[in-house]
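Throughout, read-outs are computed from the coordinates displayed, never taken from laboratory work. Treat the numbers as computed from the prediction; the structure is a model and nothing was measured. Glycine also receives a Cβ, built like all others from the backbone with ideal geometry; neighbour counts cover every protein chain displayed.
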Amino acid sequence: MESTLGLEIIEVVEQAAIASARWMGKGEKDIADEVAVEAMRERMNKIHMRGKIVIGEGERDDAPMLYIGEEVGVCTQPNADEVCNPDELIEIDIAVDPCEGTNLCAYGQPGSMAVLAISEKGGLFAAPDFYMNKLAAPPAAKGKVDITKSATENLKILSECLDRAIDELVVVVMKRSRHDDLIKEIRDAGARVRLISDGDVSAAISCGFSGTNTHALMGIGAAPEGVISAAAMRCLGGHFQGQLIYDPAIVKTGLIGESKEANLARLNEMGITDPDKIYSAEELACGETVLFAGCGITPGLLMNGVRFFKGGARTQTLVISNQSKTARFVDTIHMAENPSYVSLK
Ligand SMILES: O=C(COP(=O)(O)O)[C@@H](O)[C@H](O)[C@H](O)[C@H](O)COP(=O)(O)O
Ligand SMILES: [Mn+2]
Ligand SMILES: [Mn+2]
C-alpha cells in the first residue's frame, strides 16, 4: 500500500492544503473548508483505486463534506470495468479532514493542516460524528498512562516515563468550558497547560515526537479527529486512547444530538453496543497497514504551512507508515506552468 499509494496520498493532502491556504487569514472558514474538500476529492478521484470514505467531517457545522460512504478513485467511476483489473484492485478505507482547524486557517493561526489516514477495508473505526475524550502521550508512556486514571495520576506516570519533573511537562488542552476542572487539576498537579482554540489532531501527533515540547493531550474533542490522530499515533508507537462522549451536558459546547438518550439510540443503530468502551490506537486504527499523511496549511509544531511565491507554492507534509516504520517529512515545490522563479524560501 505504501509503495503504490504513498506518493498519491502526499499529493492529495498537498492539493487540499494549497487550496485552503489561499483562504488563510480571510475570515472565511466555510470557503477554506470547501476548497480543501474539492481539491482532495478531485485528486483522490485520479488514483487507481476503489476508496471509501469512512470518516468524513462536517455534520456538526454543516461544512462541505467528503461524505461518509462516498466512493473515490478511478475504480469507482462508471468506466471502472474498462480501466481497472479486478485482480489488481486496490480497495481501501479512508479517513479525511481536508481542513483540520478551519478556524485556525481562516484567522491565520498556527496548527491547521490537511490530513487523511488510509488502511485496508475495515481498518479504521467508522466513528460517529460525536465527541471523544482523548489521551495522547509519547511512546515511552504507551500503555502506562490510562484515560481511566485522573490527570494527576497520569502526570506522575508521565513524569516517571519521560524522566522529567512534573513542572517540566506540557499538556495540551482545548480551551473550552468543559475543561475548566481538568485545566485546574493539571495546573494544581504542577504541570503546564498549553491551551489551544482548535486543532487537536496536530496536538495529539505532536506527543508522538520528542522535541515538540508537548507531552500529553487531554480532554474532549471530536471523535473523527480522534480516529485520524489514533492512526498517526499507532504508526508512531505513541499512546492514544479515546472514549466516545454522548451526553450533551458533558460537552457543553457544539452540537451533539438532542439528548443523551437519542445519542445512545443512534450509537446502538450504528452497532456500537458498548458506548462507554475505551478504544486504544490499535482499535481505532486496527488495519494491518495504516498510513497517515498531513500537510501543513498554516505553520505548526510539526510542519511548515504553505508558502506561496509568484508561480508556485512550497509545502511540507508528514507521512507516517506502520509498515515501513517511517515518519517522512516531504518538502515539495509546486511549480506553475512557466514560473518566473522557483523559490527556496
Ligand atoms: O479544532 C477542531 C475542529 O476541526 P474542523 O471542524 O475540522 O476545523 C478539531 O481539532 C477538534 O477536535 C474538534 O472538532 C473540536 O473540539 C470540536 O469541539 P467544539 O468546538 O467544542 O464543538
Ligand atoms: Mn477537524
Ligand atoms: Mn475540517
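Key figures
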read-out: Mean Cβ count within 10 Å, highest first, over the residues of peptides 173-185, 132-144, 97-109; value: 97-109, 132-144, 173-185
read-out: Label-point gap, in nm, between residue 197 and residue 209 - each point 7 angstrom along Cα→Cβ; value: 2.4
read-out: The chain - percent relative contact order, Cα under 8 Å, separation 6 or more; value: 19
read-out: Euclidean distance of C-alpha centroids, the range 266-314 and the range 1-42, integer Å; value: 13
read-out: Trypsin sites (Lys or Arg not before Pro) restricted to DSSP loop in the range 227-335 with at most 16 other C-beta within 10 Å; value: 252, 277, 310, 325
read-out: Partner lysines for residue 121 [C-alpha distance under 16 Å; skip if fewer than 8 residues away on the same chain]; value: 52
read-out: Candidates 153, 82, 11: whichever shows maximal mean-square fluctuation once the chain is modelled as a Gaussian network with Cα springs under 10 Å; value: 82
read-out: The range 131-284, Rg to Rh (Cα coordinates; Rh as Kirkwood inverse mean 1/r); value: 0.96
read-out: Distance between the range 172-223 and the range 119-135 - C-alpha centres, whole angstrom; value: 20
read-out: Net +/- balance of residues flanking residue 74 in space, Cβ distance below 9 Å, scoring K and R +1, D and E -1; value: +2
read-out: Ellipticity estimate at 222 nm from DSSP helix runs (n ≥ 4, -39,500 (n - 2.57)) divided over the chain, nearest 500; value: -9000 deg cm²/dmol
read-out: Distance between modelled label sites at residue 175 and residue 249, nm, 7 Å Cα→Cβ extension; value: 2.9
read-out: For the chain, size of Cβ-based charge dipole, Lys and Arg +1, Asp and Glu -1, in debye; value: 1380
read-out: Within the range 109-125, backbone nitrogen closer than 16 Å to the virtual label 7 Å beyond the Cα of residue 270 toward Cβ; value: 122-125
read-out: Phi-based couplings in Hz for the range 270-286 (Karplus 6.51, -1.76, 1.60; Gly and Pro marked x); value: 7, x, 8, 8, 10, x, 9, 4, 9, 9, 8, 4, 6, 8, 6, 10, 8
read-out: Orphan Cys of the chain, criterion: no other Cys C-beta under 4.7 Å; value: 99, 105, 161, 207, 235, 286, 295
read-out: Gyration tensor over alpha-carbon atoms, the chain, equivalent ellipsoid semi-axes in Å; value: 31, 24, 20
read-out: DSSP H segments from the chain that extend 18 Å or more along their own axis, Cα-based, with Kyte-Doolittle mean of 0.0 or above; value: 2-21, 223-236
read-out: Fully extended contour minus Cα-Cα distance, from residue 120 to residue 310, at 0.36 nm per residue; value: 64.4 nm
read-out: Ranked 225, 2, criterion: other C-beta atoms within 10 Å, fewest first; value: 2, 225
read-out: Above-threshold pairs, the threshold being 18 Å between Cα atoms, out of 134/252; 149/184; 175/252; 156/184; 29/134; value: 29/134
read-out: Within-13-Å neighbourhood charge of residue 306 [Cβ basis; K, R +1; D, E -1]; value: +2
read-out: Aspartates and glutamates with Cα under 16 Å of residue 345, excluding same-chain neighbours fewer than 8 positions away; value: 331
